[in-house]
Each structure stands twice: as structure tokens, then as C-alpha cells.
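Notes to accompany the following structure.
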Amino acid sequence: MTDTDPETASAFTSLLTESRTFPPDPAFTAQANAGVELQEEAERNIEAFWAARAAELQWERTWDHVLQPGGSGTASWFVGGRLNVAVNCVDRHVESGHGDQVALHWIGEPGDTRDITYADLLSQVSRAANALESLGVREGDRVVIQLPMIPEAVVSMLACARIGAIHSVVFGGFSPAALRARVDDAGARVVITSDGQFRRGTAAPMKTNVDEALLGEPAIDAVLVVRRTGTDVPMTPGRDLWWDEVMAEQPDSHEAQAFDSDHPLFILYTSGTTGKPKGIVHASGGYLTQAAYTHRMVCDLKPDTDVYWCAADVGWITGHTYIVYGPLANRATQVMYEGTPNTPHQGRHFEIIQRYGVSIYYIAPTLIRTFMKWGEEIPDGYDLSSIRLLGSVGEPINPEAWIWYREHIGGGRAPIVDTWWQTETGAIMVAPLPGITATKPGSAQRPLPGISVRIVSEEGRPEAPGGSGYLVVDRPWPAMLRGVWGDPDRAKEVYWDRFAAQGYYFAGDGARYDEDGDVWLLGRVDDVMNISGHRISTMEVESALVSHIAVAEAAVVGASDATTGQAIVAFVILRASVEELGANLDAAVKELSQHVVTEIGPIARPKRILVVPELPKTRSGKIMRRLLRDIAEGRAVGDTATLSDPASVSAIADSFRAR
Ligand code: 6R9
């Protein structure tokens, strides 16, 4: 900072303002799961509050202590309690007479479908649990799962949970090297995969990638292979087994035992911007409590009437918490779709919503902006009147996309819940409650009842309304990570050392309070740009660009600059309608630059704007700005292992150099 006094200044210069609000519809409020009393209950007695949430699950033994405090992330929840996570997600619903209720309406990319009831799920999970035990898998052993979005992914995860094995799900699109690194780090004994996967209308290989990953890996006892595409694949004798053949031999009942609340449930690797992937560990009781609570309250699930659809991949934390554990603990009926949103046509999601009467729809902003790019005439051509609640997760949602989502998917009436959380937090932390909060486009708003976050300065001092800084969690929460697998000190170093004096969990995100004290996320702190001493969030410049009618998506980075320290370089995707017009690109770029100045001010004028066909994104839809920074600074592009489409980067690098 050059021109501000660090004692008083906010950590970031915040430039955008957004003042629209949408109070909840009284009819929605009247039926909402969460009322104002929830916050009062949490304020009265926080431990009693969480104990009441946990008591909604089925425990074999009740806990002795709700919370055992501990510094640097060592607190434990529901200590002494014992439960079985899979029993909570499946068996108890069958026992309470809901065996015939559909748990999963599954839709394959080629158009094949399967409806799986809770009774079906119970028999499949039981068979799979027996199968894993027959392969020698025991409590605490690790099982790596690399599967497409097929029901067997859910069944495998629940089967591990049922026998106390720890699963680690790896995205279907990850390379053999990325898979190998995770198998090795976790010390897995068994891998579950499929012959292939359908993506964009073709059968892509899966098993052959796994074979490559496991070359010379003696520690793997077995590879279970689900038949999905029917592709011919080599099977290694003594190691590889067909899932359907193994399942057929197993009894369809399995007696589940309970495990400690603190028993690890899964490891999920998160790569972050630098360094070796971290295996984030989550445990059972606290995680399931917060997963189920947040899903019920934020998504307002009514198990008897709603059809819920979270379109995340199971390889992402959102798939774990809001496809598998939260919704199934709450006895949801949900849609699970295997493929990409434009296969075989751009209306695929809307066709599914119409056909199944989806009432709750939870997606990432990147998909909303993709829908915007394709044009509103596509959703407008379907009956989406069943939708009653919309969710957003994964990145800050810009107000433009928020409004479009509400109008074109939500019929101008469905509340939108913008949910902030992380792999490390395990479940939603900051979000509106749909029957209570007057929502604001672009703001995640308030910590949920029972959760406490703050925005603090560089030195850890709390900011007042209007201020900005670092988002921290200042009290333990039930779904908190239980460390980094195999590296006892890493979690402390990465998350707790930054504000050790205050005992805060450092989330790595920048955020600001508006005058009402609502929280607005500004993106990863690592992505913040420093322009002539002003710390400007990439998110705000991107949001300004996307508010121009011609722009579908934008990614902004700071590239080193001799005069200003860093200069803003923007990569934009134009809307389909603009592309068709064959608009003059140079004129369009000038106009966009001027638009940013009008929206934000001259300080945010991009030095360069490059029109691109695609942006580099992770499979969960996050823009990888680190790679764009490499391009903008003329470096060789770094690690692209987690990209959904590695070819997009070289195309962007080529056109950056050419212009
Ligand atoms: C659930 C998930 C975590 C990071 C997080 C933040 C960004 C997620 C957001 C959001 C603004 C939201 N993020 N939700 N930013 N508003 N509603 O995405 O987990 O993959 O671990 O990513 O994603 O930057 O720190 P994960």
C-alpha cells in the first residue's frame, strides 16, 4: 500500500456497489424450515444448539461432550458418541417406512435412466459393503474411487462409510499422474473405477487411465471395475474384478457397526494454487450433523415433496456434502445426471427439470454464466415452474448472473441462496436463510445460526460495516476439517498460523462488509491485484465486465507492470449473440475497457483485454487465474493437472502472443 495508512485502511479497495434487495415471499416464509428462532436458539447456548442438530441423527451411543475445545483446529465434536453414517443416510429411512421412496432419479448422458429407491440403495450398499469386506478392507483402510457420475459412485462411498473404511474420491477427468499421487498419498488398498465414461456424447476411457496410474503399484490389492460404457478393457488377473460379478455373489444385507464420532469418513484432495495437493480429512459425527442441518435449512428441503438437484460432481466437496451425505441424511429424492449440460443439446438441464419436476436446483456461477452465453431463449422454452429455490456455490456470483438466474430459471420468484464454504469447512458456513433473509445479488450475507465468521484486517482486528479484509472463522464448527492426511502440522501451518494469536481459522478469501454488515466475498487473497498500491479484487473487475451485455464470462489477473506494479489483464468470452453479429473486435474491446471505467473508475481500466473462446477452469468450475497470470507474464504455463480442458490454455497462450 503506498497511499493509505495501514493502521486505518481496509485491506482491499472495494469499488463496486449493489443495492438491490429481494425480501422473501411471505408464502415461502410461512412454510420455511428455518425461522428466526433458530438464530435465537444458537445465541442462547451454542453447544445445546448443536446438540439439538446432532440429535436429529441416529446415534448408537450418545456423546459425552458436545465440544472438546482445542487450539489450531484440534477441537472435537460429539466426543464419545458413536454412529454409522451409512445407516443414517439409508437404513433409517427404510426402517421408518420410506423404502419405496426414490432416492436417486439417475439420468445417463446417452439418455438411459435408473430410479433407485431407498430400499434399492440399502441392498446395493449392503452388497458393496460385503464385497469390500470380502476383499479384506477393514475399518480405517483407504479406498480410492474414480468413477463417473453414476449411482455406483454413491453406493461405493456409502459402502466405505458403512464399514468404517475411508474413501477418497478422485475426479473422473484427472490424469493418471494425479490419480497416482492421490493413491500413494492415501496409501489406498482398493480402487473402484469403471471401464469408461460418457462425456460429450462419446465413451472416454477410464480403466486404462487407472491401469497407467497403478503401474508398478504393489500396494493395491484389488481394482473393482463397474461396467458403464461396455468398452473392452484389459483386466489384470488376481487384481481386477468386475463390480457386477462381485456384487452378485454377495448377500444383500449387512450388519453395520457404529464408529466413533471422530472416526475419519473421507479424504478429499484439494490442490489450491500451489504445492502438493492436501488430503483434507473429514470425520463422521460433526460432519454429518452440519451437512444435514445446512442442507435442511439453506436448501429448505421437504423430503416428501421436493425433487432436489445439485449438479456438482461427486469428486468435489459439493458432491460429497450436497449429493451424498446431507441430502441422503435428510431423505431427499434427488436427480443425478451423468453428463455435460450441452449433450446432446443446450437445453438438457431444463429438459430434466421439466421432466422430473425439480424444485431445488443448486449449481455453480460458471454454469449460470454459460447458460447466459447460450441465451435465455433456451430456458424460456421449458416449463420450469416446479423450481422453488435456487442455490449457487463455488465462486462469487456476480450480480448480473444472480439476476439472470432469478429471472430465467427461478421465474422471477424463487429465492437464491449464495452459499460460501470450502472443502476444509465441510459444509455451508455463510448463506442467506431463504425464508428470513432479504437477499442481495452477489452477497453470501450472514454466517448461519451456530456459525461465526469475521472479516479482519492484516493484523487480525475485526472490521466494521463498510470495511474489508480477510475472512476468518472464529469459533469451532462441527464439520471442520480434521487435518491434512499424513501431515500432522500442515493444517496448522496453512490455516491456523496466520492468525494464531486470535485462534482464527484463515480461509484464504478476501471479503467485505456492506453498511448492513452483510458479507460479500472478493475471491482468493492470492488473486488480489495491486494496482498503484490499491489492492483490487479480480472478482470486482470481472463482475463489471460481465455486466456489459456483450460479455458472457470474464477472468482478470494482475500482470507485473513497470509503472503500476501490476496491470489488469482481462480475458473475456463474448455472448453467442455477439459472436454471431461478427462484431468488430477492436471496437468491442475499447468499449469494454470504457465500461469498466464507468462502472468502477479509471484505476480499474484493463491494460489489455483479450477475447477468448474458453477459460481455463477446474472441473468444479473455478477459473484458474494462476495459469492466466503465467500467460499474461509470458511464462511457461504451470501445472494443468486439474483442468477440465487442458487444451484451452495453449489456445489462449497462442492468441495472447499473436495479438
Ligand atoms: C464449496 C467449494 C472453496 C473456495 C472458497 C472461495 C470459493 C466457494 C463461494 C466462493 C464466493 C461463494 N467459493 N463458494 N466464493 N462465494 N458462494 O467451492 O469448495 O472447491 O474447496 O473451494 O471457493 O474462494 O475459498 P472448494
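Remarks
- Lysines with Cα under 18 Å of K617, excluding same-chain neighbours fewer than 8 positions away: K373
- Radius of gyration, Dmax [the chain; alpha carbons; angstrom]: 24.1, 72
- Principal-axis tilt of helix 176-186 within the chain, Cα atoms, nearest 10 degrees: 60 degrees
- Extension gain for R92 to D380 (0.36 nm times residue separation, less C-alpha to C-alpha distance): 99.7 nm.
- Spacing of the modelled spin labels on A562 and Q502, each 7 Å from Cα toward Cβ, amounts to 4.0 nm.
- Surrounding net charge for T598, when Lys and Arg each add one and Asp and Glu each subtract one, Cβ distance under 12 Å: -1
- A Förster radius of 35 Å, combined with the Cβ-Cβ distance separating T236 from R355, puts the computed FRET efficiency at roughly 0.30.
- Computed 3J(HN,Hα) for region 521-530, one whole-Hz value per residue from the Karplus formula 6.51 cos²θ - 1.76 cosθ + 1.60 where θ = phi - 60°, is 7, 10, x, 5, 4, 4, 8, 4, 9, 10, glycine and proline marked x.
- In nm, spacing of pseudo-spin labels at E458 and D25 (7 Å Cα→C-beta vector): 4.8 nm
- Here the convex hull built on the C-alpha positions of region 37-418 has a volume of 149 cubic angstrom per residue.
- Per residue, the average separation of C-alpha pairs within less than 8 Å and at least 6 apart gives the chain a relative contact order of 14 percent.
- Qualifying GluC sites (Glu not before Pro) for region 215-309 [loop in DSSP, other Cβ within 10 Å: at most 11]: E255
- Accessible surface for region 37-418, divided over its residues, is 33 Å² per residue with a 1.4 Å probe.
- With viscosity 1.306 mPa s and temperature 10 °C, the Kirkwood radius over alpha carbon pairs of region 138-237 converts through Stokes-Einstein to a diffusion coefficient of 118 µm²/s.
- Region 383-455: trypsin sites (Lys or Arg not before Pro) in DSSP coil with no more than 16 other Cβ atoms inside 10 Å: R413
- Proximal charge balance of Q422 [Cβ under 13 Å; K/R count +1, D/E count -1]: 0
- The Rg/Rh ratio for region 554-659 is 0.96, where Rg is the radius of gyration of the alpha carbons and Rh is the Kirkwood radius.
- The figure for L522 is an accessible area of roughly 10 square angstrom, using a 1.4 Å probe on the protein chains alone.
- Distance between the 7 Å Cα→Cβ label points at T598 and Q101: 5.1 nm.
- Residue among P251, L147, G391 farthest towards the positive dipole end of the chain, charges placed on Cβ: L147
- Gap separating the Cα centres of region 350-382 and region 24-103, nearest whole Å: 31 Å
- Between helix 585-599 and the chain: long-axis angle, C-alpha atoms, 0 to 90°, nearest 10: 90 degrees
- Of the GluC sites (Glu not before Pro) found in region 428-497, those that fall in a DSSP loop while having at most 14 other beta-carbon atoms within 10 Å are E458, E459.
- Rounded to 10°, Cα long-axis angle of helix 647-658 versus longest principal axis of the chain: 20 degrees
The values are calculated or read from the model by the stated rules, or taken from the named source; none is laboratory data. Keep in mind it's a predicted model, so treat the numbers as computed, not measured. Neighbour counts are summed over all protein chains in view; Cβ atoms, including those assigned to glycine, are modelled from backbone coordinates with ideal geometry. Remember, those area values only see protein heavy atoms, side chains included, never the ligands or the DNA or RNA. Shrake-Rupley method; radii C 1.70, N 1.55, O 1.52, S 1.80 Å.
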